[in-house]
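Quick notes on the structure that follows.
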Amino acid sequence: DPTDERALSAFTRVAILTNRAQDALSWVKSLTMDTPTPQSKVATSKLLAAAGFGSDAVDTAKEACSATPPSAAACEQLASLYADSGSAAPLEGALGALRAVAPESAATQYYTAALAFIKGDAQGALEAAQKAIAVDASYAAAYDMAGAAHTKLGQAELAAQAFQTSLRFDPHDSTAYANLGLLALAAGDRAAARNYFAEALWLRAEDKTALDGMARAR
């Protein structure tokens, strides 16, 4: 059933984790070509991004987010792409669309935090991340954002706790491992740093933060 959102989301996630995005993309496109749905467009956008087709991923997410009625998942995906690129102005636009559809959601609070962080407002990012956690205590990315904000604020111990909590909810979070590696490196624990960076690279071989960190840790 190509309209089964949970199945499609899980399939997409596994494809990305196992570096099969290109294969999965072909399958999703062929399955949903005649009856594209917001769910299939979100999956297609995620797979395009994972396969290295960033511009196409954005175009697909834009199309789904601007549909009538708009899809919260599509607007969330568009915000995710802009947040990953560090683009404040486009993220602000996507966040506006997301707020219109799901003003109280954890995702809306999370991308509010991401926007604040990109703009250099670590305290604002921390407060918005905490609001996201209050809405959904299992939202792993919100703990990553809180950890990044704590790091910027010079609160290393709180940052480490936040990244460890993120891993409790998402053991495949390469970002959390990479950031824990940076904290260990800053504390002078090169062995621990190497272990964290190795975990990050096992999950995402092209993780630049982990690659650079591993080189420094050696």
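The values are calculated or read from the model by the stated rules, or taken from the named source; none is laboratory data. Since we're looking at a predicted model, the values are computed, not measured. When we count neighbours, we look across all protein chains shown, and the Cβ atoms used for this are built from the backbone with ideal geometry, even at glycine. Remember, those area values only see protein heavy atoms, side chains included, never the ligands or the DNA or RNA. Shrake-Rupley method; radii C 1.70, N 1.55, O 1.52, S 1.80 Å.
Some notes on this structure:
- Amide hydrogen neighbours beyond the local backbone of ALA51, cut-off 5 Å, H modeled: none
- With every protein chain in place, the chain: carbon and sulfur % of accessible area (1.4 Å): 52
- Largest mean-square fluctuation among ALA146, ALA64, ALA24, in a Gaussian network model of the chain whose springs join Cα atoms under 10 Å apart, belongs to ALA24.
- Put a plus charge on the Cβ of each Lys and Arg, a minus charge on the Cβ of each Asp and Glu, and nothing anywhere else: the dipole of the chain about its Cα centre is then about 480 debye.
- Accessible surface for GLU157 stands near 140 Å², nearest 10, in the context of the full protein assembly shown (1.4 Å probe).
- Mean separation of Cα contacts under 8 Å (6+ apart) over length of the chain, as relative contact order %: 10
- Area projected by the alpha carbon convex hull of the chain, averaged over all directions, nm²: 11.5
- Values of log10 I(q)/I(0) for segment 1-42 across q = 0.29 Å⁻¹ run -1.07, by the Debye formula with one identical scatterer at each alpha carbon and no solvent.
- Dipole of the chain [Lys/Arg +1, Asp/Glu -1 at C-beta], most positive-end residue of ALA61, PRO38, ALA114: ALA114
- Accessible area of segment 23-126 divided out per residue, in Å², using a probe of 1.4 angstrom: 46
- Coupling constants for segment 185-198 follow from the phi torsions by the Karplus curve (6.51 cos²θ - 1.76 cosθ + 1.60, θ = phi - 60°), and in residue order they are 5, 5, 7, x, 9, 5, 5, 5, 4, 4, 5, 5, 5, 5 Hz; glycine and proline get x.
- In the chain, the longest principal axis of the Cα atoms and the axis of helix 38-50 are about 40 degrees apart.
- Using Cβ point charges alone (K and R +1, D and E -1), the dipole size of segment 162-218 about the Cα centre works out to roughly 200 debye.
- With all pairs of different C-alpha atoms in the average, the Kirkwood value for the hydrodynamic radius of segment 133-218 is 12.5 Å.
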